[in-house]
Amino acid sequence: MTKPESSVISGAFDLLAKSTEISLGEYTEILRQQAEIERHIMQHVSKFSTVLHGAFSRKTIVSPLPGSIVDMLIIFREDDIKEALPSRLSAKLQEVLTEDYPDTYSTKSPTTFIVPAKDIKFKIRPAYAVANDEYMLPDETFDGWVKYNIGSYNDIFVKENIRHKGQLIEVIRMIKTWNRVSGNVFNGYFLELMITDVLSSCEITSYAEAIRDIFKAAFSQAAFTQHDPANQEFPVDGLNKLDDIMIAMHLIKNCYHLANEAVSYERDGDTTKALANWNKLFPQAFPKPVDMLVGKARRSGIKGADALRMMLNKKQ
């Protein structure tokens, strides 16, 4: 069953999905900040390059950009660093970038650090290339190098997104937006892996039902880690802070009940109550009635005075 075009709820989710997609200006700003970081490193190191991967390469990074994390590898020549300890190399990189980015800070991994550049946070790791999409990255458990294929999950994601007719990417961005307005309790990459897995055995018939099913699955998975397809030895934690497990469980439980109620309300024809629940789930993000009217006018090709008249009539 396909979602009806006339549905107010599906129209609202279409607008929400569109609002989470980064604009050309935001995309350009990420590349500009990447170039700035390269320029600062170049003052100390001449032979290197950078690669942006993760959510940026999959276009699952969420708009607006403030708070977004962009994964960046600093790529060196193999002969220059393969004998070096990753911890020392990472510490030197962090020291270099802290000169120009004083808010740079370490993560729980000693070889990964965050560089805040304007409204964007770059998650940086040193690496060297060994093949297409395959790099040697710092190991998570000991001070050495380990293979990491940045294209592994991308391949899975692309196939699943095609199977879902382009809707998987939108569901992922919407759930990541929910995570953002809920306090960023969950790891964004974990959410992507979990959502892809949950929806791998079904079709997306409506955004509302897909999101409800994801919340239901998350209740049993959020406390655990997933294995990174790029390297099965790399754990992907579900929570940004392990101490937040009770907060996360309570949040997921409440959100599942709200989503389940909203789906039931919509099925019973009570659009007002359904919209109220979705607004509770996506505070400050879910489209308002005026946004939905504007969206409806655009889809119908109504412009100018006719669009304004349509909005005024609706208010009356």
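The values are calculated or read from the model by the stated rules, or taken from the named source; none is laboratory data. Only a predicted model underlies this, so the values are computations on that prediction, with no experimental measurement involved. For neighbour counting, all protein chains shown are included, and Cβ atoms are generated from backbone atoms with ideal geometry for every residue, glycine included.
The table below lists the values:
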{"quantity": "Meets criteria (within 20 Å of residue 240 (Cα to Cα), within 15 Å of the chain's Cα centre (by Cα) and among the β-branched types (Val, Ile, Thr)) for residue 104", "calculated": "no"}
{"quantity": "Number of the exception - residue 40 against (1) more than 15 Å from the chain's Cα centre (by Cα); (2) under 26 Å from residue 154 (Cβ atoms)", "calculated": "(2)"}
{"quantity": "Members of region 146-179 that are hydrophobic (A, V, I, L, M, F, W, C) and either within 23 Å of residue 239 (Cα to Cα) or within 14 Å of the chain's Cα centre (by Cα) (or both)", "calculated": "150, 156, 157, 168, 169, 171, 172, 174, 175, 178"}
{"quantity": "Pick from region 87-143, criterion at pLDDT 95 or above and in a loop (DSSP other than H, G, I, E, B), ranking: surrounded by the most Cβ atoms within 10 Å (Cβ to Cβ)", "calculated": "104"}
{"quantity": "Qualifying residue in region 27-40 (condition: surrounded by fewer than 16 Cβ atoms within 10 Å (Cβ to Cβ), modelled with pLDDT of 95 or more, polar (S, T, N, Q) and part of a helix (DSSP H, G or I))", "calculated": "yes"}
{"quantity": "Set 122, 113: member being under 22 Å from residue 145 (Cα atoms) and in contact (Cβ under 8 Å) with a residue 40 or more places away in the chain", "calculated": "122"}
{"quantity": "Subset of region 235-294 (residues that are of a type in the set (Gly, Ala, Ser), within 30 Å of residue 148 (Cβ to Cβ) and in a helix (DSSP H, G or I))", "calculated": "248"}
{"quantity": "Lone unmet requirement of (1) among the acidic types (Asp, Glu); (2) part of a helix (DSSP H, G or I); (3) without any contact (Cβ under 8 Å) to a residue 12 or more places away in the chain; (4) within 16 Å of residue 138 (Cβ to Cβ) for residue 79", "calculated": "(4)"}
{"quantity": "So residue 186, is it aromatic (Phe, Trp, Tyr), at pLDDT below 95 and under 24 Å from residue 107 (Cβ atoms)", "calculated": "yes"}
{"quantity": "Candidate set: region 242-272, residues that are in contact (Cβ under 8 Å) with a residue 12 or more places away in the chain and charged (D, E, K, R); chosen: the one surrounded by the most Cβ atoms within 10 Å (Cβ to Cβ)", "calculated": "266"}
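Residue-by-condition table, conditions (1) within 30 Å of residue 77 (Cα to Cα); (2) assigned to a loop (DSSP other than H, G, I, E, B); (3) of a type outside the set (Gly, Ala, Ser):
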{"position": "165", "(1), (2), (3)": "no, yes, yes"}
{"position": "170", "(1), (2), (3)": "no, no, yes"}
{"position": "180", "(1), (2), (3)": "no, no, yes"}
{"position": "193", "(1), (2), (3)": "no, no, yes"}
{"position": "210", "(1), (2), (3)": "no, no, no"}
{"position": "218", "(1), (2), (3)": "no, no, no"}
